[in-house]
Amino acid sequence: MSEQEQIRYLPFHAINEFMLDEYREKVVRFVFENLGNLSSSRRNGILSIFKKQVKIPGFRDSSLAPLPLKIKQGIVLFQKNADFVAQVLQAWVELHHDLKERVHAMLVSRGWKNLLPPELDRSKLPGFQVEWPKSETYEVLDQSFYEQNPGVEAPNDDIRLMVVWLVNALPYELFEENSN
């Protein structure tokens, strides 16, 4: 493989540069509030990293702290720990099964190349790829989603996060697609 053909990655916590603070809090809060709805392996993955990386005064085991404290510290950890981001985002996707299926179908219909199966655990990947088709703006993807899913209400931020996770890429380096 030539140097030009190598896939480049950004660590998962690079997504913070693309997220508003309020939305980051919403995602972390949603996952922590729904830990009981996750598989034990996903829940344990999140809590294991949290327990090792976060110290909350008054708690030997930070994962036993009250929910508001875990959310507050989870947001801080999300901003700096790639493994935690990967676990939280994979959990968020698993908790939004219908949206995942709808967004994946929209991406397939738009001809996204090298699209991985929707059920694949992307938290095991090395990070986000850096290349993004210039024509696939968030606005274009939002519009395509709503056209293909009339009557479905989903916040644009949720659609965009799902797209980023399913395509395993951030719009970091925009490129023109070849039409051949």
Inset, instruction - Say whether the condition of being surrounded by 13 or more Cβ atoms within 10 Å (Cβ to Cβ), aliphatic (A, V, I, L, M) and touching a strand residue (DSSP E or B) at 6+ places or on another chain (Cβ under 7 Å) is met by at least one residue in the range 77-95. - result: no
Legend entry - Scan of the range 27-55 for residues that are over 13 Å from residue 70 (Cα atoms), touching a residue at least 24 places away in the same chain (Cβ under 8 Å) and open to solvent by 70 Å² or more (accessible area, probe 1.4 Å), ordered by number: 37
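Conditions tested, residue by residue: (1) crowded, with 17+ Cβ neighbours inside 10 Å; (2) on the phi < 0 side of the Ramachandran plot; (3) at pLDDT 95 or above; (4) out of contact with any Lys or Arg (no Cβ under 8 Å at 6 or more places or on another chain).
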| residue | (1), (2), (3), (4) |
| --- | --- |
| 121 | no, yes, yes, yes |
| 125 | no, yes, yes, yes |
| 137 | no, yes, yes, yes |
| 155 | no, yes, yes, yes |
| 160 | yes, yes, yes, yes |
| 167 | yes, yes, yes, yes |
| 172 | no, yes, no, yes |
| 177 | no, yes, no, no |
Inset, instruction - Could you please tell me which pairs satisfy a Cβ distance under 6 Å, a separation of 6+ or placement on different chains, a first residue in the range 69-86 that is without any contact (Cβ under 8 Å) to a residue 24 or more places away in the chain and closer than 16 Å to residue 23 by Cα, and a second residue that is open to solvent by less than 30 Å² (accessible area, probe 1.4 Å) and not in a helix (DSSP H, G or I)? - result: 73/54
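The values are calculated or read from the model by the stated rules, or taken from the named source; none is laboratory data. Since this is a predicted model, take the numbers as computed values, not measurements. Backbone-built Cβ (ideal geometry, glycine too); neighbour counts: all protein chains shown. What goes into the accessible areas is simple: the full protein's heavy atoms, side chains included, and nothing from ligands, DNA or RNA. Shrake-Rupley method; radii C 1.70, N 1.55, O 1.52, S 1.80 Å.
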